[in-house]
Amino acid sequence: MTARHHANRPTTAASLLSFFSSVRDSDKYRLLFDNINQAFLVVTLPKTKIFDANLNLVKLLGYTRAELCDSSLNTIIAHSDLDEIIKTIIVTPPGVRKTYESLPIRMRSGEVRGFHLQCLRSNDNEQLLLIFISDTNEDNSTRTNNENDANPLASLEMLTDLMQNPSSDAIKMSTNLCKSLLDAEEIAIYAAELEPGFGLLATTNSDNVFPESIAATDDAVGTTLFTWKNGSMTQSIFARVARKKGYEVVLVQPLGYEASCTGMLVAVFKMGKQIDEGTEIRLSIAARVLNSLLELGEHWQSAIVHSNEIETLEQHWHALMETTGDGIFSVTNKGEISRANSLAGTLLGYQIDEIEHMHLSDVLVASPPVVGAIQKSLEQCVTYSSHSVTLIRRDGQEIHVLLRAVPIYDKDRHVAGGLIAISDNSRHRAMEAKTQHLEQRALLGDLSAIFAHEIRNPLNGITTGLQYLQMQLKSEDPLQESVESILEEATRINRLLQDILLIVKPTELKIESTSMQACMVALANRWRERLQRRDISIEVESVSNAPLALADSVQIEQVVTNLISNAMHAMEPDGGSITITVQPSKPDSELRGAHVVINIGDTGPGMTPEVLERIFDPFFTTRQEGTGLGLAISQRIVTAHRGTIKVQSWPTVGTVFTIVLPAATQEEHT
């Protein structure tokens, strides 16, 4: 015994066996079984019980059909390795034909003879096995005839296969299969149109043999089989076409159900073709398959439309989810997250594939809990909205959010879940805190102005009294030193009050087109001698094309003076250098319009990040004798110029302050 594999269509055996099992009790299909010349039987797997057999198998082996259907495969196959053969067939893919030569089969008489077997397995759901059996003593011509007799069966396989795999060209493909099934010369399929009549849907002929439309009153239109043979009298247009083209027989099988005619299957034959009951049965089978195929085609087209609509909605939904500024969850009735956008994962510290299918209570972790209130609102078909909620991210950090939830309904208006939106409220909370801080600082500024104003008058009186007392005392009087110390403290307090008033009162500027280069050079010259005594050098560098700045020169000098003074104190006692550069802003900078950039750099010890963070805060100072208001005043003055002041510092390397001021236009120069 030898076995061979023959590749076939992957679903044809499955579709044909399914077809057989569904029509087994029909007399017409029993007649089709028994008119196929090749012997075959159908077996169930894995128990190998014989499901059905045709008349030719009954004649070949001598058993009755009842005897065969009450037995299993091992009753007739006398082979010791039958179980292994069945195991091999079971794992063979559907549609692959396995051939076994000279397999011993037990006849009813008890004689054991060798037969050729061809086996086809169905799909995994039905587990049927179709076995064609032929005598090893048959000559080649007989075997060829048997194979030819099996061609209609193969065509029926492919035709029923189209029902399992409908496509846009299934009807066109079915015409060629019907042509092979019926052994016809040409095939045409017509379908009913909106106007009374039928339109040509598909044909095997490319020479326009069949008319494009058929009138509803044509003799071939009806609910029963229409047959025309050469010499018959009829007014059907098909008869005129047949005579013209030399056809001898025309069969028109109506499509549809019961008393309706929704289409027609037309087959034409030439001389020499015997039209018998088997042909009519195959025509009836093909018509039933086409009925199903046409219905499936409509459903398939509708499914394509719905699928495209669903895909479009899915794309719109995805775009909406990803472009919204909120994190979005969709949850089921049980609180399980079914979908989430990327922002929701980012806010809570999860990947999208991690967060989906998690329970809402495992993601929205808050104190107090909010999930219960959300689910209760959704169950009651009420929109949920919260004030600021503090959630715990996956990494343990807190995030301030606003939560909103709306119910989602199914087609019966029952709550099917909900949509939850998470808005990041951290920035808003930070802005509120900053606003509150600014309001407190404004109030403090107002109080400071009142305080400074109320103290300055009595302080001036105290200072005048101390100066008078100092004049009355003799120079060698021991009280002179104490009075001098008190006067110095009073002067310091008075300077502090002046600085406070500079911060809190509006800055009045006299804006003019000013050369920052000339201003910086003059300022450096005034400071040079004082700095040299501390071993500190000062230089001014400027480019020739530096524009004029719109600035109050007196106020800007006050700012730079404060920066030079701070640099000098920072570099004491070791000394160092101060460099001032004046240049235009770069064209590719983010600044709108032309600006002048002033850099004041020193080689002092630099500042730590903690100091840098608070460097412009009022009353913050690293010097015991400082007031902590110099840089705050400087920032206020630069801001009043619509400019900016920033600082960069590197410990043990130095510090650079950068002042950016608007540049004067050509008209303002003049």
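The values are calculated or read from the model by the stated rules, or taken from the named source; none is laboratory data. Computed from a predicted model, the values in this text were never measured in an experiment. All Cβ positions, glycine included, derive from the backbone under ideal geometry; neighbour counts span all protein chains shown. For the accessible areas, the whole protein counts, side chains as well, though only heavy atoms, and no ligand, DNA or RNA atoms are used. Shrake-Rupley method; radii C 1.70, N 1.55, O 1.52, S 1.80 Å.
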### Task
Could you pull the accessible area for MET471 with a 1.4 Å probe, rounded to 10 Å²?
150
### Query
What is the distance, in nm, between label points placed 7 Å from the Cα along the Cα-to-Cβ direction at THR561 and at GLN480?
3.1
### Message
Under the rule of at least 5 residues apart or a separate chain, name every residue whose amide H is placed under 5 Å from the amide H of SER542.
### Response
VAL582
### Message
When a/c reaches 1.5 or more, the comparison of a/b and b/c decides; with that in mind, is segment 169-280 rounded, prolate or oblate per its Cα gyration tensor?
### Response
rounded
### Message
Using the Karplus curve 6.51 cos²θ - 1.76 cosθ + 1.60 with θ = phi - 60°, what ³J(HN,Hα) values do you get for each residue of segment 303-316, in whole Hz, with x for Gly and Pro?
### Response
5, 5, 4, 5, 5, 5, 5, 5, 5, 5, 4, 5, 5, 5
### Task
Any of LYS49/LYS98; LYS49/LYS179; LYS98/LYS179; LYS172/LYS270; LYS172/LYS411; LYS47/LYS98 with alpha carbons more than 30 Å apart? Name them for me.
LYS49/LYS179; LYS172/LYS411
### Query
Taking every DSSP beta bridge that has both residues in segment 535-665, what percent is antiparallel when rounded to the nearest 5?
75
### Task
With a 10 Å radius around each residue's Cβ, average the other Cβ atoms per peptide and rank 375-382, 408-415, highest first.
375-382, 408-415
### Message
What FRET efficiency comes out for ILE493 versus GLN436 if R0 is 25 angstrom and r is the Cβ-Cβ distance? Round to the nearest 0.05.
### Response
0.25
### Task
Pop out the ³J(HN,Hα) list for segment 180-195 in order, Karplus 6.51 cos²θ - 1.76 cosθ + 1.60 with θ = phi - 60°, rounded to Hz; leave Gly and Pro as x.
6, 4, 9, 6, 8, 7, 9, 10, 9, 10, 10, 10, 5, 10, 4, 6
### Query
Going by accessible area, probe 1.4 Å, with all protein chains left in place, what is the ranking of ARG282, ARG526, ARG427, ARG614, largest first?
ARG427, ARG526, ARG614, ARG282
### Distant-in-sequence amide H partners of LEU255 (H built 1.01 Å from N, under 5 Å)
THR262, GLY263, MET264, LEU265
### Summary
Ordering SER284, SER102, SER426 by the accessible surface of their heavy atoms, 1.4 Å probe, largest first, yields SER102, SER426, SER284
### Query
Can you work out the FRET efficiency for the pair GLU314 and HIS387, with r the C-beta to C-beta distance and R0 = 22 Å, to the nearest 0.05?
0.05
### Query
For SER71 and HIS428 in the same chain, what is the full-extension length gain: residue separation times 0.36 nm, less their Cα-Cα distance, in nm?
120.3 nm
### Query
Each label point is 7 Å from the Cα along the Cα-to-Cβ direction; what then is the distance between the points at THR217 and TYR257, in nm?
3.1
### Query
Excluding ligands, DNA and RNA, what is the solvent-accessible area per residue of segment 294-394 at a probe of 1.4 Å, expressed in Å²?
60
#### Entry: In order through segment 129-134: 3J(HN,Hα) via Karplus (6.51 cos²θ - 1.76 cosθ + 1.60), integer Hz, x for Gly, Pro
10, 9, 10, 8, 10, 9
### Query
If the cut-off is a Cα-Cα distance under 23 Å, which lysines reach LYS586, setting aside same-chain residues fewer than 8 apart in sequence?
LYS646
### Sequence of ASP276, ASP218 when ordered by accessible area, the most exposed leading, probe 1.4 angstrom
ASP276, ASP218
### Task
Can you work out the accessible area per residue across segment 548-593, with the rest of the protein chains kept in place, probe 1.4 Å, in square angstrom?
50
